[in-house]
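Below is one structure, written out as structure tokens; comments come after it.
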Amino acid sequence: MSGAHFAFTDRWGGVSAAPYAELNLGGAVGDDPAAVRTNRELAAKALGLEPGLVIWMNQVHGRDVALVDGPWATAASTGDAPAVDAVVTARRGLALAVLTADCTPVLLADPVAGVAGAAHAGRPGMVAGVVPAAVEAMIALGADPGRIVARTGPAVCGRCYEVPEAMRAEVAAVVPEAWSETSWGTPAVDVTAGVHAQLAALGVRDRQASAVCTRESGDHYSYRRDRTTGRLAGYVWLGAEGSGREER
């Protein structure tokens, strides 16, 4: 799909020390801020991005969306990012980033319209409708759901995300496709399946999900597995119009 770029990190290739080793990109998990800044620079440069043109969020498990046309006023500090769980832009070359460590990172792009979006979909955000809210914001900028490309990254799988029975019922009442069961036979939630069902209902047909379960993969951060840990990142951006390539 012309001009659309998607990328997801693992935990390797950075400078953070244990328990955040190595490529922690989260600025609010207790890691050395200098290490996080270095890691963000390393990741951006590895993707051919200008670090100052990567847009981060202050994620709060809600459904609010920010429209972005340039870096935040003081881009050097994550704390200056707004408290939202999705960002959308119509500016090519501006990269949108989402942090996760079990939640589902959702990257969206309509390369024809030149509109991109990124959403942080944990269980509360999925139920609240953060992904539909992001798609709606993209449509307002000229995107067409039938053209939107959706990629979801490494996340805890539905066979590993154990929850109380009452919580599973509450989630399934809103997003039935998120109903799941662990591999050991207890109630669970499959956030990625729920997100893909929401996207399908909106008319987004070009969808792909990562096969990586963060709880099972030692190459990825998992809050449910380790509690004190780093954060992965997903990035989406649109290159020059007509560049004719898609990267994942």
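Please compute the length gained on full extension between Asp206 and Glu170, using 0.36 nm multiplied by the number of residues separating them and subtracting their Cα-Cα distance.
Extra length from Asp206 to Glu170 when fully extended: 10.1 nm.
Please arrange Trp184, Trp56, Trp237, Trp72 by counting, for each residue, the other beta carbons lying within 10 Å of its beta carbon, fewest first.
Starting with the residue having the fewest Cβ neighbours, the order is Trp184, Trp72, Trp56, Trp237.
What does the charge count around Ala143 come to, taking other residues whose C-beta lies under 12 Å from its C-beta (Lys +1, Arg +1, Asp -1, Glu -1)?
Neighbourhood net charge equals -2.
If we count other beta carbons within 10 Å of each Cβ, what is the order of Tyr235, Tyr223, fewest first?
Tyr223, Tyr235
Where does the charge balance sit around Cys103 when Lys and Arg score +1, Asp and Glu -1, over other residues with C-beta under 13 Å from its C-beta?
Summing Lys and Arg as +1 and Asp and Glu as -1 gives +1.
Divide by every residue of the chain the summed helix terms, -39500 (n - 2.57) for each DSSP H run of at least 4, and state the resulting mean residue ellipticity at 222 nm, rounded to the nearest 500 deg cm²/dmol.
Using -39500 (n - 2.57) per qualifying helix, the result is -6500 deg cm²/dmol.
At each listed q (0.13 Å⁻¹), what is the log10 of I(q)/I(0) that the Debye formula gives for the chain modelled as equal alpha-carbon point scatterers?
With no solvent term, the Cα-only Debye profile gives -0.74.
Order the peptides 190-199, 16-25 from the highest to the lowest mean number of other Cβ atoms within 10 Å of their residues.
The packing order, highest mean first, is 190-199, 16-25.
Quick one: compute the contact order of the chain, relative version, from alpha carbon pairs under 8 angstrom and 6+ residues apart, as a percent.
That works out to 28 percent.
So, counting K/R as plus one and D/E as minus one, what does the shell of residues with Cβ under 15 Å around Ala172 add up to?
Summing Lys and Arg as +1 and Asp and Glu as -1 gives -4.
With springs only between Cα atoms under 10 Å apart, run a GNM on the chain and tell me which of Asp85, Asp69, Asp144 wobbles the most.
Fluctuation is largest for Asp69.
Taking 8 Å as the Cα distance limit and 6 or more residues as the minimum spacing, I'd like the relative contact order of segment 1-126 as a percentage.
20
For segment 3-159, what proportion of DSSP beta bridges, expressed in % and rounded to the nearest 5, is antiparallel?
Around 70 percent antiparallel, to the nearest 5.
No value in this document is a laboratory result; all are computed from the given coordinates. Remember, it's a predicted structure, so these values are computed and weren't measured experimentally. Here Cβ is always computed from backbone atoms with ideal geometry, including for glycine, and neighbour counts include all displayed protein chains.
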